[in-house]
Amino acid sequence: MTNNLLDRFCRYVRVHTTADENSTTYPSTPSQLELGRMLADELRAMALRDAAQDKYGIVLATIPATVQHAAPCVAWIAHVDTSPETTGLNVKPQIHANYDGRDIVLPGDPSKVLRTADNPELLALKGKTIITTDGTTLLGADDKAGVAVIMEAAAHLAAHPEIPHGPIRVCFTCDEEIGRGVDHVDLKQLGAHVAYTLDGSGAGEIDGETFSADLATVTITGVNIHPSIGKGRMVNAIRLAGLFLDRLPRTCLSPETTEGREGFLHPYVIEGGVAQVKIKVLLRDFDTAKLAERPDVLRAVAKTVTAEFPRAAVDVAVTKQYRNMADGLKKEPRALKFAEEAMRRAGLEPKLTIVRGGTDGSRFTELGLPTPNLSTGEHNPHSPLEWTCLEEMQTAVRVLVELAKVWGAAR
Ligand SMILES: [Zn+2]
């Protein structure tokens, strides 16, 4: 069986592009440049003449418009790096054609089993082509499924100039997994009116809402002195940190007790000693106005601690992280409407979904480029149990082509 999309996908996942949080270079790992070079070469081979990789490793190319009127420019975005949570070195994609609906034992590590009981979506794809890892690495469908889908859709449009569409910008970014995906994308140079990230799970979903997010740093300052003479003098910041954490809401407003549209406060890093302790707390809510009230909860708890220990100080500092994509999508409602239309034309019933997290699209949208996220066949990302489905990727290609047509008819 020859299949361009499958070949592409397997070719891209074999390139080791694991991002490295501890690196100070951009991109964080040089092999991301290697995949970018490969993609730029392949885009030029499709006669997308301006395809190039910039000094940050970001690949940009243009599919010129085939309509005569000035249709809005649409960008398709995917990231070439993979998560550092599981190695992406020597990925050996396993192709399960005509999948039989049973549990899949991964051959490189038979202790790793993809169970249908844990993956109900898998059962629904009986008879399709499933691609897994061999159990020793992640697959990298997050986000090389997106990369392959965009490349395949670009090749299709380049080969079919009779398909009416406006200008399309192809954009491959680096280091999304370590939160640096947007850092070096020049939105002016991208020149798009609207964008879509191809980095979503399954098929037929449109992520149009994300959390709004801030980070609070709670600094508890005590009084340190040698324990031998500590009586009546020492104020141990570690004990106060314990009190502080204990007094935070636990039965609500925590990731352990919330779901759907509920927000939370999530202490996730603590460090320090007797003199001082810092606690980092993630603040998350879909409602940006509500998010702004979350630090009050921390400050109220801080007050109870300093009331009891007046010689201690508790400071709460808040830095902004990202904002709910829905806030920025309001300015271009067609971004979601046209994606729904394209999915219907591709034979899917679109589902608008919310993300309990952020995407590169939340930052792009906040910067003024409306960027929803579309399904591209990802499952179990960041894990050796990661898998994808060829037919879901094929569907995503059809959605992109239809989306190009829908925007091509607009002004
Ligand atoms: Zn991703």
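The values are calculated or read from the model by the stated rules, or taken from the named source; none is laboratory data. Being a predicted model, the structure only gives us computed values, none of them experimental. Backbone-built Cβ (ideal geometry, glycine too); neighbour counts: all protein chains shown.
Please go through region 342-352 and pick out each residue that is buried (at least 17 other Cβ atoms within 10 Å of the Cβ) and within 12 Å of ILE206 (Cα to Cα). The answer is ALA342, MET343, LEU348, PRO350. Checked against the criteria, SER362 counts as within 16 Å of the ligand (Cβ to nearest atom), in a helix (DSSP H, G or I) and polar (S, T, N, Q). As a summary of the residue check, LYS320 satisfies the conditions (1) in a strand (DSSP E or B); (2) at pLDDT 95 or above; (3) within 20 Å of the chain's Cα centre (by Cα) except for the one numbered (2). All of LEU106, LEU114, LEU35 fail the test of being out of contact with any helix residue (DSSP H, G or I) (no Cβ under 8 Å at 6 or more places or on another chain) and under 22 Å from HIS382 (Cα atoms), apart from LEU106.
Selection of region 372-389 for residues being among the hydrophobic types (A, V, I, L, M, F, W, C), more than 13 Å from the ligand (Cβ to nearest atom) and crowded, with 23+ Cβ neighbours inside 10 Å yields TRP387, CYS389. Of all residues in region 52-95, those satisfying the criterion of being within 17 Å of LEU400 (Cα to Cα) and polar (S, T, N, Q) are THR62, THR66. Scanning region 266-287 for residues that are touching a Lys or Arg at 6+ places or on another chain (Cβ under 6 Å) and either hydrophobic (A, V, I, L, M, F, W, C) or assigned to a helix (DSSP H, G or I) (or both) gives VAL269, LEU283, PHE286.
If you check ARG169, ARG115, ARG180, which single one turns out to be surrounded by fewer than 24 Cβ atoms within 10 Å (Cβ to Cβ), over 17 Å from PHE9 (Cα atoms), in contact with a strand residue (DSSP E or B) (Cβ under 7 Å, 6 or more places away or on another chain) and of a type outside the set (A, V, I, L, M)? Answer to the selection: ARG169.
Annotation: of all residues in region 243-261 being without any contact (Cβ under 8 Å) to a residue 40 or more places away in the chain and assigned to a helix (DSSP H, G or I), the one that is surrounded by the fewest Cβ atoms within 10 Å (Cβ to Cβ) is ASP246.
Yes or no, residue by residue, for (1) within 16 Å of the ligand (Cβ to nearest atom); (2) among the hydroxyl-bearing types (Ser, Thr, Tyr):
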{"site": "ALA302", "(1), (2)": "no, no"}
{"site": "THR319", "(1), (2)": "no, yes"}
{"site": "LYS330", "(1), (2)": "no, no"}
{"site": "MET343", "(1), (2)": "no, no"}
{"site": "ARG356", "(1), (2)": "yes, no"}
{"site": "MET393", "(1), (2)": "yes, no"}
{"site": "VAL397", "(1), (2)": "no, no"}
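Residues that are within 16 Å of the ligand (Cβ to nearest atom), part of a loop (DSSP other than H, G, I, E, B), surrounded by fewer than 21 Cβ atoms within 10 Å (Cβ to Cβ) and among the small types (Gly, Ala, Ser) are absent from region 62-69 altogether.
The one condition from (1) without any contact (Cβ under 8 Å) to a residue 24 or more places away in the chain; (2) buried (at least 18 other Cβ atoms within 10 Å of the Cβ) that THR82 does not meet is (1). Just one residue in the set THR359, THR365, THR304 is touching a residue at least 40 places away in the same chain (Cβ under 8 Å) and surrounded by fewer than 15 Cβ atoms within 10 Å (Cβ to Cβ); that residue is THR304. For the residues LEU390, LEU400, LEU374, LEU369, the requirement of being touching a strand residue (DSSP E or B) at 6+ places or on another chain (Cβ under 7 Å) and farther than 21 Å from GLU176 by Cβ singles out LEU390.
Pairs are defined by a Cβ separation below 9 Å, a sequence spacing of at least 6 or placement on different chains, a first member in region 268-284 that is farther than 21 Å from PHE211 by Cα and without any contact (Cβ under 8 Å) to a residue 12 or more places away in the chain, and a second member that is buried (at least 16 other Cβ atoms within 10 Å of the Cβ) and aliphatic (A, V, I, L, M); the pairs so defined are GLU271/VAL277; GLU271/ILE279. Put simply, of ASP50, ASP103, ASP41 the only residue that is more than 19 Å from GLU152 (Cα to Cα) and either free of Cβ contacts under 8 Å to residues at least 60 places away in the same chain or surrounded by fewer than 22 Cβ atoms within 10 Å (Cβ to Cβ) (or both) is ASP103.
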